[in-house]
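**Q** Have a look at the structure that comes next, please.
Just so you know, all these numbers are worked out from the coordinates, no wet-lab data involved. Computed from a predicted model, the values in this text were never measured in an experiment. Positions of Cβ are backbone-derived with ideal geometry, glycine not excepted, and every protein chain shown enters the neighbour counts.
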Amino acid sequence: MTKFICISGCTASGKSGLAEKIATNIRNSVIINTDALQVYKCWKILTDRPNKSSAYNLELYGHVLCKDTYNTGHWLNDVKKFKDNSADKYEAFIFVGGTGLYFNALLNGLSDIPAIEPKIRKKSIKYSDSTTFFIKELKKKDPEILEVIDNKNIRRLQRAWEVITQTGKGLKYWQKKTPYPIISKEKATKILLEPSKEELINNIEKRVEQMIEQGVIDEVQSVHKRKWDTSLPFSKAIGAKEIIRYLNKEYNLDQLRYMISLKTRQFAKRQRTWQRKYMSDWKRIDIRGSREIDIKLFTENL
């Protein structure tokens, strides 16, 4: 029987490392990207995307052009196609990433919301630099949704406004019409990494330094020259905006390091808040500064 393993946690918590260790112990396995920004082909260094030429089978990494709009529904469809076409090929599917909405859709299903009309999408993009418009509109049209989504998350607010404007019904209505999930959450092994605050900060600072050493500034500069569009999801990658400001001489290198680290820590905090609310049934692991995890604890009973 095929095994399904889900590994999540905030950014820089060690998810990919654990996934690779498990894949080493289950030789006939595949690691499936569950991160909303590692899907983009243009972001290799900025998102710490693994190398496809590695010793592990990798899927749904860097397969989307930056000019394309890619959302949870697109990802779920890609997973379904891959699963249907390779169910007999692998002993284990290892889903790894920090995008909670992807895991929620995978394990709980995703409502079939009608496509948003271009004129509505164009208007939402026009106001996508601030939460003010969407909060004001949703207070009038769909106040219930403001009680359950992150009011500081512009993408969530934007999506809620688009749906109520397009369909006349709020997200909660469509969520109740959700079809069966691709993978039953009762059959999946769900692991949530929770490093200490000190270790997480240390990991983030190391990652920022490593990104700079690997050439992330050149990567962002190249993408910015060729295809920059702030209305598209790829441009929201943490660090991209800060590097552009550095290139425009608004920051020096030390300020750049600090700002990317700060933005990453703030993002990690939001991820943890989401995980506490929606991943309460996941097996939590406190790494406590050690990367030597007994993989048998996670694989022997799969």
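**Q** Anything over 22 Å Cα to Cα? Flag those among 44/249; 152/249; 67/140; 126/269; 67/225, in the order listed. Present the calculation step by step, with values, prior to reporting the outcome.
**A** Working: 44/249 24 Å; 152/249 29 Å; 67/140 33 Å; 126/269 28 Å; 67/225 13 Å.
In this structure, 44/249; 152/249; 67/140; 126/269 exceed 22 Å between Cα atoms.
**Q** Out of these labelled values of semi-axes √(5λ) of the Cα gyration tensor in Å, (1) 29, 26, 19; (2) 32, 21, 19; (3) 26, 23, 19, which was calculated from the coordinates shown here?
**A** (1)
**Q** Among the GluC sites (Glu not before Pro) in the stretch 14-92, which ones are in a DSSP loop with at most 14 other Cβ atoms within 10 Å of the Cβ? Mind listing them? Before the final figure, lay out the partial values.
**A** Values: sites: 20, 59, 91; in loops: 91.
Hits after loop and neighbour filter: 91.
**Q** Next up: Relative contact order for the stretch 118-176: what percent, with Cα pairs under 8 Å and sequence separation of 6 or more?
**A** Working: 50 pairs, mean separation 20.2, N = 59.
34 percent.
**Q** Want the number for residue 286 to residue 88: 0.36 nm per residue separation, take away the alpha-carbon distance, what's left?
**A** Values: separation 198, 0.36 × 198 = 71.28 nm, distance 3.40 nm.
Answer, rounded to one decimal: 67.9 nm.
**Q** Using DSSP to define loop residues, name the trypsin sites (Lys or Arg not before Pro) in the stretch 47-110 whose beta-carbon has at most 14 other beta-carbon atoms within 10 Å.
**A** Values: sites: 52, 67, 80, 81, 83, 89; in loops: 52, 67, 89.
Loop-located and lightly packed - 52, 67, 89.
**Q** Do any trypsin sites (Lys or Arg not before Pro) in the stretch 208-283 lie in a DSSP loop with no more than 10 other beta carbon atoms within 10 Å, and if so, which?
**A** Working: sites: 225, 226, 227, 236, 241, 245, 249, 257, 263, 265, 269, 270, 272, 276, 277, 283; in loops: 249.
Answer in residue order: 249.
**Q** Nearest 20 debye, what's the magnitude of the dipole of the chain about its Cα centre given +1 on Lys and Arg Cβ and -1 on Asp and Glu Cβ?
**A** Working: 56 positive and 36 negative charges, 199 e Å.
That gives the chain a dipole magnitude of about 960 debye.
**Q** Can you give the Kirkwood hydrodynamic radius of the stretch 118-176 from its Cα pairs, in Å with one decimal? Walk me through the numbers on the way to the answer.
**A** Working: mean 1/r = 0.0892 Å⁻¹.
Answer for the stretch 118-176: a Kirkwood hydrodynamic radius of 11.2 Å.
**Q** For the stretch 4-128, compute the orientation-averaged projected area of the C-alpha convex hull (one quarter of its surface), in nm².
**A** On the way: hull surface 35.1 nm².
Result: a mean projected hull area of 8.8 nm².
**Q** Short version: what are the Cα gyration tensor semi-axes of the stretch 204-265, square root of 5 times each eigenvalue, largest first, in whole Å? Write out the running numbers ahead of the final one.
**A** Details: eigenvalues 66, 31, 25 Å².
Over the Cα atoms of the stretch 204-265, the ellipsoid semi-axes are 18, 13, 11 Å.
**Q** What aspartates and glutamates sit close enough to residue 176 to cross-link, taking a C-alpha to C-alpha distance under 15 Å and skipping anything fewer than 8 places away on the same chain?
**A** Excluding near neighbours in sequence, the set is 112, 144.
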